[in-house]
Amino acid sequence: MVLVTSEPIKSQSKTVCVIGAGPSGLVSARELRKEGHKVVVMEQNDDIGGQWLYQPEVEEEDPLGKNKTLKVHSSVYSSLRLASPREVMGFSDFPFTAKEGRDARRFPGHEELWLYLKDFCEVFGLREMIRFNVRVEFVGMVDDDKDDDDNTKRWMVKSVEKESGEVMEEVYDAVVVATGHYSYPRLPSIKGMDLWKRKQLHSHIYRVPEPYRDEVVVVVGCSMSGQDISIELVGVAKEVHLSGKSLDVPPGLTKIISKHQNFHLHPQIESLEEDGRVLFEDGSCIVADTILYCTGYSYKLPFLESKGRVEIDDNRVGPLFEHTFSPTLSPSLSFVGIPRKLIGFPFFEAQAKWIAKLLSGKTSLPSSDQMMQSIAEFYQSREADGIPKRNTHDIADFNYSDKYADYIGFPHLEDWRKELCMSALLNSLENLETYRDSWDDDDLLQQTLQDPYFTQLSPPN
């Protein structure tokens, strides 16, 4: 489909509320200010980082994360290390290079990425735009009954100062939602789940393995977190039983399971029994102390009142043009960071640049009808490829990032980013236990580090 854009409007400055000071919110704030907009970032935590701000405390009274409002945003566990090498993760003008006295590993721990974001925030002077310890409770259109042009829609943002309880109501020209999607647990539906009396929790509240010492633990889900946490638990638990949709797992996981007598792989759970038994679909059965669900997360926008224009259906946020814009509410409402399974930071940056230029009038979107047609075609293509609705935002395609960049003239992903990312992925499939510390792409790495991106842009230690 060829998308025909209308003439851009006259350049102008807008008041913009960015919700969230994680990676997507920070780069959005920078790009918006660069375009001359007046920006306020609202962040519910006491520091920047979003998901990467490690919070050792957990929601003990809500271990399955069913409450509408979660007290703890981060789902990062203590031992978490990056699954991609640091070289591929930096923003386009701010490489994620090792610094003296810090975690210099290629696949560093979560704190190192948080420190990178702090550096980014300080270098570009973003902190002055951020209000910390502020939770956004409501976002809705002002005078929605008026048939205003999309470019004149305004938004009421109601926020609460967490410590004082002070409520503020403010009106903005535009809102950018950058709240992430790794906080609200997504749980399976298992027969007997509500009657099982022993411990059940979602990985959202997992931090360290010690509480599970000498226990029989069932880990549900063979995702990256399910694999990581299972491997960590093997060292302290009596038994670890990993349950997945398929027994056809990567060779790297098979190698680890074969090394440990207390590590077992199972198909999906058939049912849970009140006496503590866990029955699997192959007829096998164990008695467990704890069930840990590593079953992913749900998109949630509890604060947004869009009168049905943006809804979440089976984890599909939509309709959104290019995962970013509501056809009927753009450009005054936009979303950064919804897509998954791509190289995140450069993509967030491309989204932020597009939004900032749209709001200043330097570019424009297709018509609402054209955007809806594009969305319908995208949904049809996903369905034709057999991709479930719940995986609508899982991209797993470098070409999509390049296509997206073309909307605003943002550079395509460098070949070295793509190659290093694929090299790490393939290594992880074969060598799950060691890929973060042992790799065979050193020649490519050395060539990469000679790229001007690193030699000219890297900040001093």
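Among residues that are without any contact (Cβ under 8 Å) to a residue 24 or more places away in the chain, in the same structural domain as Ile355 (by TED's automatic domain parsing) and among the basic types (Lys, Arg), Lys403 is included. For beta carbons closer than 8 Å, sequence separation of 6+ or different chains, a first residue in segment 205-217 that is over 22 Å from Arg277 (Cα atoms) and a second that is crowded, with 19+ Cβ neighbours inside 10 Å and of a type in the set (Lys, Arg), there are no qualifying pairs.
Kindly provide the set of residues from segment 189-237 that are more than 23 Å from Ser298 (Cβ to Cβ) and touching a helix residue (DSSP H, G or I) at 6+ places or on another chain (Cβ under 9 Å), ordered by number. If the condition is that a residue be more than 23 Å from Ser298 (Cβ to Cβ) and touching a helix residue (DSSP H, G or I) at 6+ places or on another chain (Cβ under 9 Å), then Val208, Pro209, Tyr212, Glu215, Val217, Ile231, Leu233, Val234, Val236, Ala237 are the ones that fit.
Within the set Ile375, Ile312, Ile387, the sole residue that is of a type in the set (A, V, I, L, M), assigned to a strand (DSSP E or B) and in the same structural domain as Gly140 (by TED's automatic domain parsing) turns out to be Ile312. When Met193, Met168 are screened for being loosely packed, with under 15 Cβ neighbours inside 10 Å, at pLDDT 95 or above, over 21 Å from Thr324 (Cβ atoms) and not polar (S, T, N, Q), only Met168 passes. The conditions of being surrounded by fewer than 24 Cβ atoms within 10 Å (Cβ to Cβ) and among the hydrophobic types (A, V, I, L, M, F, W, C) are met by Leu342. Contact map, segment 382-397: first residue under 27 Å from Asp415 (Cα atoms), second residue surrounded by 15 or more Cβ atoms within 10 Å (Cβ to Cβ) and hydrophobic (A, V, I, L, M, F, W, C), Cβ cut-off under 6 Å, separation 6 or more or different chains; pairs are His393/Ile338; Ile395/Leu342. One residue stands out in segment 351-373 among those that are hydroxyl-bearing (Ser, Thr, Tyr) and in contact with a Pro (Cβ under 7 Å, 6 or more places away or on another chain): the one that is surrounded by the most Cβ atoms within 10 Å (Cβ to Cβ), namely Thr363. Of the listed requirements (1) surrounded by 12 or more Cβ atoms within 10 Å (Cβ to Cβ); (2) of a type outside the set (A, V, I, L, M); (3) part of a loop (DSSP other than H, G, I, E, B); (4) without any contact (Cβ under 8 Å) to a residue 60 or more places away in the chain, Arg436 misses just one: (4).
Here Gly409 passes the criteria (1) surrounded by 13 or more Cβ atoms within 10 Å (Cβ to Cβ); (2) without any contact (Cβ under 8 Å) to a residue 40 or more places away in the chain except the one numbered (1).
The values are calculated or read from the model by the stated rules, or taken from the named source; none is laboratory data. Fair warning: this is a prediction, and the values are worked out from it, not measured in the lab. Glycine gets a Cβ as well: all are built from the backbone with ideal geometry, and neighbour counts include every protein chain shown.
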